[in-house]
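To start, the structure under review is shown below, and the notes come after it.
The values are calculated or read from the model by the stated rules, or taken from the named source; none is laboratory data. Bear in mind that the values here come from a model prediction, so they are computed numbers and not experimental data. With ideal geometry, Cβ positions are generated from the backbone for all residues, glycine too; neighbour counts draw on all protein chains shown. Note: accessible area is taken over every heavy atom of the protein model, side chains too, but ligands, DNA and RNA are not part of it. Shrake-Rupley method; radii C 1.70, N 1.55, O 1.52, S 1.80 Å.
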Amino acid sequence: MAAGAAGLAYAAGFEARSFRLRRVTVPVLPPGMRPLRVLQVSDIHMVSGQRKKQRWLQSLAGLRPDFVINTGDNLSDPEGVPEVLDALGPLMEFPGAYVFGSNDYYGPKLRNPARYLTEKTSGRHGLNGNKPAVGAIHNPWEDLRDGFDTAGWLNLTNTRGVLKVEGVSIELTGLDDPHIKRDRYAQVAGGPSGTHDFSFGVVHAPYLRTLDAFTADGYPLILAGHTHGGQLCIPFYGALVTNCDLDTDRVKGLSTHLADGNTSYLHVSAGCGTNRYTPVRFACPPEATLLTLMGR
């Protein structure tokens, strides 16, 4: 009991607030193209009063990335929109783009953590095979969207967009959250247009159907979040669940995905927050990622 209490105190009091920066190099750009530095933030799950998290997110502007990608789940509190926009304010001085996750649309509910294990064994996650949600709290996601749009960030909700970064043209293709079955790949299918210097895909939850579609269409890179890196992991073993149908070996960090004879790099952010009802992390610190995209 003492060991369990100590572990819980560590997971909630220290590790969940021990923010880290992951640095990753991805050899994915066309030969001869200059490197691009991309800051990925994900799964902030902001709750009013989380001042340390806000200050840490603000400090990331000191990295001076070429552009920022936000892969969703910014909220865990209907009152958290102003604090998200304040925390990301310095980063919104840079070019950027975003997709939303289920927690941007709906407020969290208290649930038994063991359900993540039962969903893994049954193959049902989110609204994929489960009954429709009842009595969901609606978050003011429109205010969050308007704040991002006003700053000039691209809304990639089942659509494409183009960022111009110092003469480099970057085509982005995004999907709404597959966890709640809002993804509509048919609206963006067809792969890179071929008229831009580089193209990649963005989605919140890395469900295999979306990874397969992006990869089969020839996107060399996919950015995602959602998994929290497993959140409660076993030291020297790793994650038990991913909260989607992605395997636990790829629950966070850089990996590859194969589909229809094509290979894409996949980067899954472990995110920097937690659901407000489970504010713990163990062997999986909160993070953001600075990806340096290099020539192949």
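For this structure, a couple of remarks:
- Single residue of segment 110-149 satisfying the filter (of a type in the set (Ser, Thr, Tyr) and over 21 Å from the mean Cα position of the chain (by Cα)) that is nearest to PRO279 (Cα to Cα): THR118
- The numbered conditions (1) touching a strand residue (DSSP E or B) at 6+ places or on another chain (Cβ under 7 Å); (2) exposed (fewer than 15 other Cβ atoms within 10 Å of the Cβ) are all true for VAL68 except (2).
- Subset of segment 114-164 (residues that are free of Cβ contacts under 8 Å to residues at least 60 places away in the same chain, open to solvent by 50 Å² or more (accessible area, probe 1.4 Å) and assigned to a helix (DSSP H, G or I)): ARG115, THR118, THR121, SER122, GLU142, ARG145, ASP146, ASP149, THR150
- Considering residues of segment 259-269 that are assigned to a loop (DSSP other than H, G, I, E, B) and out of contact with any helix residue (DSSP H, G or I) (no Cβ under 7 Å at 6 or more places or on another chain) only, the residue most open to solvent (accessible area, probe 1.4 Å): GLY261
- Filtering segment 270-295 to residues that are out of contact with any Asp or Glu (no Cβ under 7 Å at 6 or more places or on another chain) and part of a loop (DSSP other than H, G, I, E, B) leaves THR274, ASN275, TYR277, THR278, PRO279, VAL280, ALA283, CYS284, PRO286.
- Looking across segment 39-72, the residues that are within 11 Å of LEU88 (Cα to Cα) and basic (Lys, Arg) come down to LYS53, ARG55.
- Subset of segment 103-162 that is in contact with a Lys or Arg (Cβ under 9 Å, 6 or more places away or on another chain) and among the polar types (S, T, N, Q) - its residue that is farthest from PRO90 (Cα to Cα): THR118
- Identity of the residue in segment 116-152, in contact with a Phe, Trp or Tyr (Cβ under 7 Å, 6 or more places away or on another chain) and farther than 19 Å from ALA205 by Cα, that ends up modelled with the highest pLDDT: PHE148
- Within segment 10-33, tally of residues that are open to solvent by less than 70 Å² (accessible area, probe 1.4 Å) and without any contact (Cβ under 8 Å) to a residue 60 or more places away in the chain: 1
- If you go through segment 217-258 and pick out every residue that is open to solvent by less than 40 Å² (accessible area, probe 1.4 Å) and either assigned to a strand (DSSP E or B) or among the polar types (S, T, N, Q) (or both), you end up with 12.
- Residue check for GLY167: open to solvent by 70 Å² or more (accessible area, probe 1.4 Å) and of a type in the set (Gly, Ala, Ser): yes
- Residues located in segment 170-196, provided they are outside any loop (DSSP other than H, G, I, E, B) and either open to solvent by 60 Å² or more (accessible area, probe 1.4 Å) or under 18 Å from ASN155 (Cβ atoms) (or both): ILE170, GLU171, LEU172, THR173, GLY174, PRO178, ILE180, TYR185, ALA186, GLN187
- Some residue of segment 60-68 being touching an Asp or Glu at 6+ places or on another chain (Cβ under 9 Å) and farther than 14 Å from GLY225 by Cβ: yes
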